[in-house]
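Below is one structure; the comments refer to it alone.
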Amino acid sequence: SRPVRISVHLHPYGDGRKLLLSRDVTALEQADAMRRDFVANVSHEIRTPLTVLIGFIETLQTLPLSPQERTRYLGMMSQQASRMQSVVQDLLTLSRLEGSPLPGMTEWTPVQALMQRCEDEARGLSALLTQSQARPHVLEFPPAEQLRALGEIAGVPTELQSALSNLISNALRYTPAGGTITVAWERAHDGAVRFSVRDTGPGIAPEHIPRLTERFYRVDRSRSRETGGTGLGLAIVKHVLQRHGASLDITSELGKGSTFSVTFPANRLR
Ligand code: ADP
C-alpha cells in the first residue's frame, strides 16, 4: 500500500476562528513524479547515443584513420543517429495519439488486407533478423478464407496496422531464429473478436508483465537495443488499442514463450 499525501491549509476567518481545509494530493504528486521520470528517461535515451556519436566525431577529427576505419566509424555513427531518430519518432507518435480525438466508427478495413500487410512486414523483418543464421523463423498466419470471413474492422487503418504489426515484430525480435510465431483470429460467443500472437521465445517473468506497456520499460535491454527497440513500442500499442475500445492481454511462461492478445468488442466488426 502506498502512503497517502494530504495537503492541509488553515483558512482564517476575521473573527479569529480558523477553518481546516484538507485535500488528498496523492494522485497529483504521483502524476508529477511520473512526468519527472518520463523527462529523465527521454533525456537518458537521447543522451546515450549522442555521447557515443560525439566520441566518434572527436576520433574522426583527431586520429589519422585508414579509409576502411573511417567507413566503419561512419557506419557506427549512422547507427547511433538512427537510434535517436527512432526514439524521437516514437515520442512524436505517442504525443500525436494523446492529442487526437477518438476515432469514430467511420473507417473500415478488411481484416484480410490488414493481415496481408502484417504478414509482408513480418517476412521482411524475419529475413533481416535471421540474415546471418541458417534457420529462419516459422511464421504461421491464418488462412485467407478465415480472414475474409471476419469481414471489416472499424478504426484508423494505419494505427491498427502499426499496433498489430508491432506485436508481431516483438515476437520476432525476441524469439531466436528457428522459433515459431503463430498469429490467430478467433470469435468469442459474445461476438467479440480476438487477435493473438504466440511465440516460442524466452517468455517474460510474471513481475514484469504488468509494466511492459510503460514508456521505456524493458526486460531485456541488450536484445531490445540490438534489434532497434526504443522501449516505446508497447506504450504506443496500448494507446492505439485503448482508442479503439480494445484491450491487451499478455500471458507468458518463462522458457516457453509469450502470447499477446487483443480483444475487440463485437461492434467493431462488420
Ligand atoms: P522494445 O522497443 O524494447 O521492444 P516494447 O515496448 O515493444 O519495447 O517492449 C517492452 C519490453 O517487453 C521489451 O523490451 C521486452 O523486454 C519485452 N517484450 C515485448 N515483447 C516480448 C516478447 N514477445 N517476448 C519477450 N519479451 C517481450
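The values are calculated or read from the model by the stated rules, or taken from the named source; none is laboratory data. Quick caveat: nothing in here was measured; it's all calculated off a predicted structure. With ideal geometry, Cβ positions are generated from the backbone for all residues, glycine too; neighbour counts draw on all protein chains shown.
Which one of these is part of a helix (DSSP H, G or I), at pLDDT 95 or above and either in contact with a Phe, Trp or Tyr (Cβ under 6 Å, 6 or more places away or on another chain) or among the charged types (D, E, K, R) (or both): Asp37, Asp90, Asp32?
Asp90
Based on what the data block shows, is Ile153 within 9 Å of the ligand (Cβ to nearest atom) and either under 28 Å from Pro103 (Cβ atoms) or not acidic (Asp, Glu) (or both)? Step through it out loud before you land on a result.
Details: within 9 Å of the ligand (Cβ to nearest atom): no; either under 28 Å from Pro103 (Cβ atoms) or not acidic (Asp, Glu) (or both): yes.
In short, no.
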*Across the stretch 188-213, which residue is surrounded by the fewest Cβ atoms within 10 Å (Cβ to Cβ) among those that are at pLDDT 95 or above, in a loop (DSSP other than H, G, I, E, B) and not hydrophobic (A, V, I, L, M, F, W, C)?*
Glu207
*Does Asp199 fit the bill of being more than 20 Å from Ala163 (Cα to Cα) and under 17 Å from the mean Cα position of the chain (by Cα)?*
no
_Tally, over the stretch 70-118, of residues that are in contact (Cβ under 8 Å) with a residue 40 or more places away in the chain, more than 17 Å from Leu150 (Cα to Cα) and of a type in the set (A, V, I, L, M)_ = 6
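Name the residues in the stretch 128-148 that are in a loop (DSSP other than H, G, I, E, B), at pLDDT 95 or above and surrounded by 15 or more Cβ atoms within 10 Å (Cβ to Cβ), would you?
First, pick out the residues of the stretch 128-148 that are in a loop (DSSP other than H, G, I, E, B): 130-137, 141-143.
Filter once more, keeping what is at pLDDT 95 or above: 141-143.
Within the stretch 128-148, Phe141, Pro142 meet the criteria.
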*Taking the stretch 256-265, which residues are farther than 10 Å from Arg194 by Cα and not in a loop (DSSP other than H, G, I, E, B)?*
Gly257, Ser258, Thr259, Phe260
_Can you find a residue that is farther than 20 Å from Arg225 by Cβ, within 16 Å of the ligand (Cβ to nearest atom) and touching a His at 6+ places or on another chain (Cβ under 6 Å) anywhere in the stretch 94-109?_
yes
*Starting from residues that are touching a residue at least 40 places away in the same chain (Cβ under 8 Å), more than 11 Å from the ligand (Cβ to nearest atom) and assigned to a loop (DSSP other than H, G, I, E, B), keep the ones in the stretch 215-255 and report whichever is surrounded by the most Cβ atoms within 10 Å (Cβ to Cβ).*
His244
_Count - residues of the stretch 1-28 that are part of a helix (DSSP H, G or I) and touching a Ser or Thr at 6+ places or on another chain (Cβ under 9 Å)_ = 1
*So which residues in the stretch 200-232 are more than 18 Å from Leu128 (Cα to Cα) and among the acidic types (Asp, Glu), if there are any at all?*
Glu207, Glu214, Asp220
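Among the listed residues Val197, Val219, Val193, which satisfies the condition of being touching an Asp or Glu at 6+ places or on another chain (Cβ under 8 Å) and not small (Gly, Ala, Ser)?
Selected residue: Val193, the only one of Val197, Val219, Val193 that is touching an Asp or Glu at 6+ places or on another chain (Cβ under 8 Å) and not small (Gly, Ala, Ser).
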